[in-house]
Every structure is written in C-alpha cells, then in structure tokens.
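Below is one structure, written out as structure tokens; the observations come after it.
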C-alpha cells in the first residue's frame, strides 16, 4: 500500500519523567493517532543488550526506523513519538532530523512539543504506577532516580529560546497540569483532528 495522504507527526520531548508517555497516551485517546513512546523499543532491546552499548544503540535505532518507514508507507493519519532530546548534543538534533526525513514523502505536519517539569515533580512521577507498568527498566526506583539526577547534570533537556533556527517548538510547562490538559493544549495549538 502506498501512502498518499498527509499525516501529522507529533514529537514530544522533555526530560525523563516529565510526562511524555502519559501525555502521548492521552493524545492517542483524543486523536486516534498511533503512539510510539521511546521505551517501547528501549525495553525490548534491553532484554538482550545493556543500555547504551553499541549493540543496544544499533538495534534500538533499527527497530525504530523500520517501524517509522512502515508507518510512512501506510495511511496512518498520525504518529506520536516521545524522546529525551539533549539540546547540548548536536547528534540529538540530527536524530530528530532523520526521523522527520523518513516521513517526508507524506509531507507531514511536524509538531514538536517540549515538556518542562520541575525536578521535584519529575522525581515523584518517576515512581508513578503507569510509568512502572510500561517501563520495566524503571522499576528499581532508587537506580532510576539516580539515572534521572545524573542526566540532569549531564544534559540540557530543555531548549533555549531561538536556538533552533529551523524548527518551531511548542513549549509547555506541565508541572501542575494533567496529561489531559497538556494533550488538549497540543490539539488546540496544532489544530489536530480528533
């Protein structure tokens, strides 16, 4: 089947435990778009290779991009993808560009949403039942908290106004917002069909 219809590509980024998957789940309910949260592939590959090893990175990317390519060739009307984007790492922006390029034959409406959530709230969310249900690697919450705090020191996971010359990002401070409220803001801002 060759895809002829335009599609919406929603990329939700933000620091760990900022609510990307939960917002994606709510957005999926409201739009009927497909959700591919980043841990879907990470958890699978982690069954075979340790996180961050060359084998892990290679296989995770292959799985993701094979799925992206199949979706790009389908008539799926929208995809929600979640990712932690380190803005101080140039290769992360290149990775986002690669994702967008896969969908270029569909002339997608690219909607990049950046969640910003206070650290204390993220540490609380890191232990949330929904997160632990869908992300087995986070179930050792003491270890998961230490990884979250380490990534906070090593990476800048929220953008600086105007730093991305070729991309528009809709920033949402969601410390005190529910996933439903955030999803509704995204739908309204990007005029997404439900």
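The values are calculated or read from the model by the stated rules, or taken from the named source; none is laboratory data. Values in this document were obtained by computation on a predicted structure and should not be read as measured data. Positions of Cβ are generated from backbone atoms using ideal geometry, with glycine treated the same way; all protein chains shown enter the neighbour counts.
Looking across the stretch 39-72, the residues that are assigned to a loop (DSSP other than H, G, I, E, B) and modelled with pLDDT of 95 or more come down to 48, 49, 53. Here residue 167 meets each of (1) part of a helix (DSSP H, G or I); (2) touching a strand residue (DSSP E or B) at 6+ places or on another chain (Cβ under 7 Å); (3) modelled with pLDDT under 95 with one exception, condition (1).
Residues in the stretch 62-116 that are exposed (fewer than 14 other Cβ atoms within 10 Å of the Cβ) and under 24 Å from residue 179 (Cα atoms): there are none. Screening residue 188 on (1) out of contact with any strand residue (DSSP E or B) (no Cβ under 7 Å at 6 or more places or on another chain); (2) crowded, with 16+ Cβ neighbours inside 10 Å; (3) modelled with pLDDT of 95 or more shows it passes everything except condition (2).
Restricting attention to the stretch 149-164, the residues that are farther than 15 Å from residue 113 by Cβ and at pLDDT below 90 add up to 3.
Only one of the numbered conditions (1) surrounded by fewer than 22 Cβ atoms within 10 Å (Cβ to Cβ); (2) under 26 Å from residue 77 (Cβ atoms) is violated by residue 59, and that is (2).
Residues that are in contact with a helix residue (DSSP H, G or I) (Cβ under 9 Å, 6 or more places away or on another chain), crowded, with 17+ Cβ neighbours inside 10 Å and assigned to a strand (DSSP E or B) are absent from the stretch 142-152 altogether.
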